[in-house]
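Report on one structure; see the data block that follows.
The values are calculated or read from the model by the stated rules, or taken from the named source; none is laboratory data. No experiment lies behind these values; they were computed from the predicted model shown. For neighbour counting, all protein chains shown are included, and Cβ atoms are generated from backbone atoms with ideal geometry for every residue, glycine included.
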């Protein structure tokens, strides 16, 4: 399908009766999307550009759809995760559905698990069975590929299957739940499932340099190096690397690990010492919205998390990587036990 079929010229848009409504939807999406505040305006400006790209509807970007090869699979998967991470759920659902219709495997299964973890949307069940079947096939091939069946499992496969387990259990289908549990055997819940992004970066030409370096550093606890590399990507606005801005902030620096099904949010927060103050607003998990802010001076680091929307209180599990003792903890401004 030619690229022109995905785009509409400025002149055509000016005469399109649906254009005002389209612009209104985009404005609303931008206003509701995850926002990043930082003292450096250049970093914020680059973030806004990356966020706006993530909320743009698929058909207007020349995106990945059935029968299309205009965007490589790795780029399309990254775009789907970015849309999901900043709260553009309709775009994320469209992109994941298009990918799942043509592909299966580790990355697709990871996207499906993250979609359900962030949204709690049971529409993801329609993608589940093929995803589990693909993981089981990959697992069996790996085990049988060595003499005497002593193959080596993909270390990420149990982790991705573990991420699918809540969705499998939500279906009420015992077969699917059992399959997910078997595949998840040996998974380390302490490891972030978003480390799949490192695999994605390693196979993507645009990700093999600084994006992979930033992600690897953050997931391995090298907060300063990872955040510094992310800042370099932001400032450079290098071709291709800009698409990694949202995933690195959300999965790496914020360490977002949601569980909308159980009303929980774990933040494996990497708070760079070089950032005196920063915040992330409009973090969406299920119907809840969270704001996280960090204030740092020479003597202390204060981390504040506020739920600004949602019918039910979200359980927050905060795991910051800060080399200092915790002095106090407050819940609703009331001292709490550590």
Give segment 62-84 a look and list any residue that's at pLDDT below 85 and either under 21 Å from residue 203 (Cβ atoms) or in contact with a strand residue (DSSP E or B) (Cβ under 8 Å, 6 or more places away or on another chain) (or both), or say none. 63, 64, 68, 69, 70, 71, 72
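Quick test for you: out of 169, 224, 175, pick the one residue that is in contact with a helix residue (DSSP H, G or I) (Cβ under 6 Å, 6 or more places away or on another chain), surrounded by fewer than 21 Cβ atoms within 10 Å (Cβ to Cβ) and part of a helix (DSSP H, G or I). Outline the logic, then answer.
Values: 224 fails: in contact with a helix residue (DSSP H, G or I) (Cβ under 6 Å, 6 or more places away or on another chain); 175 fails: in contact with a helix residue (DSSP H, G or I) (Cβ under 6 Å, 6 or more places away or on another chain).
Answer to the check: 169.
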Please give the number of the condition residue 317 fails out of (1) under 20 Å from residue 116 (Cα atoms); (2) more than 19 Å from the chain's Cα centre (by Cα). (2)
The number of residues in segment 189-215 that are within 15 Å of residue 158 (Cα to Cα) and either modelled with pLDDT of 90 or more or touching a strand residue (DSSP E or B) at 6+ places or on another chain (Cβ under 8 Å) (or both) is 6
Give segment 243-257 a look and list any residue that's out of contact with any strand residue (DSSP E or B) (no Cβ under 7 Å at 6 or more places or on another chain) and closer than 15 Å to residue 88 by Cβ, or say none. 243, 245, 246, 247
Whichever residue in segment 178-193 is part of a helix (DSSP H, G or I) and surrounded by 12 or more Cβ atoms within 10 Å (Cβ to Cβ) and, among such residues, is nearest to the chain's Cα centre (by Cα): 193
